[in-house]
Amino acid sequence: MLSSLNALVSLDPVLHLSAAPIHRLKSSPIPFTHLLHCRYSSKDGLKAYAVHPSHVAAVKERVLPVCDDVMAVDWVARDLLGLVVPPPGSAVRLSFLKLKEGSAAEAKDEILRVIGGVKEKFEEIQQLTVGENFSPERAKGYSIASLAVFPGVGEIDSMDAKGELVSSEKDKVREHLESVIVLDFVVPSSQSASL
């Protein structure tokens, strides 16, 4: 499955793609084991990738036969600073947030603002993207996502060791959230796969 997915990096619309096992599941009501992290230059690039015959075949032949469930969250990474392709060995923390039913637009804006400001408080984070999901039908109700890139797992552990500061940031938005998924993965070494 991972080889088939990682081979899709050669498709034209793809800027970055890595399929990997989850390194650490911090909190989740869903027992994830693997993830696929992709970057495209536009929503149209994502659409082209989604219907590409190689992608459709990989999902049908290699993913669906071995996966109990699939979830996807898509957001526009505004103001992306740094490399588009996280270096192999980088550790990534991915967070999905489900807002409480009936949450006001102001709550969503506040959450996006708070998460967007986290990079300034934690020097371990090399790159941070946060955004509102534009594919809600595939996201099981999770409407906001963030992705933080670190040099390695040690830097995530260093950030987590700052428990009081981490908790104070979470407390700023906790009242608006029904559920949160937090998972870490390590960007695998580049593979010279082609389709």
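May I ask you to list the residues in the range 61-91 that are β-branched (V, I, T) and within 16 Å of the chain's Cα centre (by Cα)?
V70, V73, V76, V84, V85
Take V9 and tell me if it is closer than 18 Å to V73 by Cα and aliphatic (A, V, I, L, M).
no
Output the qualifying pairs, or none if there are none: Cβ atoms under 9 angstrom, residues six or more apart or on different chains, first residue in the range 77-102 and of a type in the set (S, T, N, Q), second residue not in a strand (DSSP E or B).
From the range 77-102, the pairs are S90/Q126; S90/P151; S90/G152; S90/V187; S95/I115.
Quick check on the range 51-74. Is at least one of its residues among the small types (G, A, S) and either open to solvent by 60 Å² or more (accessible area, probe 1.4 Å) or at positive phi (or both)?
Checked the range 51-74: no residue is among the small types (G, A, S) and either open to solvent by 60 Å² or more (accessible area, probe 1.4 Å) or at positive phi (or both).
Select from the range 135-153 the residues that are within 15 Å of L99 (Cβ to Cβ), open to solvent by 20 Å² or more (accessible area, probe 1.4 Å) and assigned to a loop (DSSP other than H, G, I, E, B) and list them in ascending order.
K140, G141, S143
Among G89, G82, G117, which is the only one that is at pLDDT 90 or above, more than 23 Å from I22 (Cα to Cα) and of a type outside the set (A, V, I, L, M, F, W, C)?
G117
Taking L36, is it open to solvent by 30 Å² or more (accessible area, probe 1.4 Å) and touching a helix residue (DSSP H, G or I) at 6+ places or on another chain (Cβ under 6 Å)?
yes
What do you reckon, is L147 aliphatic (A, V, I, L, M), without any contact (Cβ under 8 Å) to a residue 40 or more places away in the chain and within 28 Å of D12 (Cα to Cα)?
In short, no.
Mind counting the residues in the range 3-33 that are under 17 Å from D184 (Cα atoms) and either among the hydrophobic types (A, V, I, L, M, F, W, C) or surrounded by 18 or more Cβ atoms within 10 Å (Cβ to Cβ) (or both)?
Count: 8.
Applying the selection to the range 154-193, what residues are under 16 Å from the mean Cα position of the chain (by Cα) and assigned to a helix (DSSP H, G or I)?
I156
Within the set of pairs 6+ apart or on separate chains, which have a first residue in the range 23-41 that is in contact (Cβ under 8 Å) with a residue 60 or more places away in the chain, a second that is assigned to a loop (DSSP other than H, G, I, E, B) and open to solvent by 70 Å² or more (accessible area, probe 1.4 Å), and C-beta atoms under 8 Å apart?
As it stands, the answer is L25/P31; I30/D69; I30/K140, since those pairs meet every condition given.
Can you tell me which residues in the range 172-195 are loosely packed, with under 12 Cβ neighbours inside 10 Å and modelled with pLDDT of 90 or more?
Of everything in the range 172-195, those that are loosely packed, with under 12 Cβ neighbours inside 10 Å and modelled with pLDDT of 90 or more turn out to be R174, E175.
Restricting to the range 120-134, name every residue that is out of contact with any helix residue (DSSP H, G or I) (no Cβ under 6 Å at 6 or more places or on another chain) and either part of a loop (DSSP other than H, G, I, E, B) or crowded, with 18+ Cβ neighbours inside 10 Å (or both).
If the condition is that a residue be out of contact with any helix residue (DSSP H, G or I) (no Cβ under 6 Å at 6 or more places or on another chain) and either part of a loop (DSSP other than H, G, I, E, B) or crowded, with 18+ Cβ neighbours inside 10 Å (or both), then E123, Q126, Q127, T129, G131, N133, F134 are the ones that fit.
The values are calculated or read from the model by the stated rules, or taken from the named source; none is laboratory data. These numbers come from a predicted model, not from an experiment. Note: ideal-geometry Cβ built from the backbone for every residue, glycine included; neighbour counts use all protein chains shown. All accessible areas refer to the heavy atoms of the entire protein, side chains included, with ligands and DNA or RNA removed. Shrake-Rupley method; radii C 1.70, N 1.55, O 1.52, S 1.80 Å.
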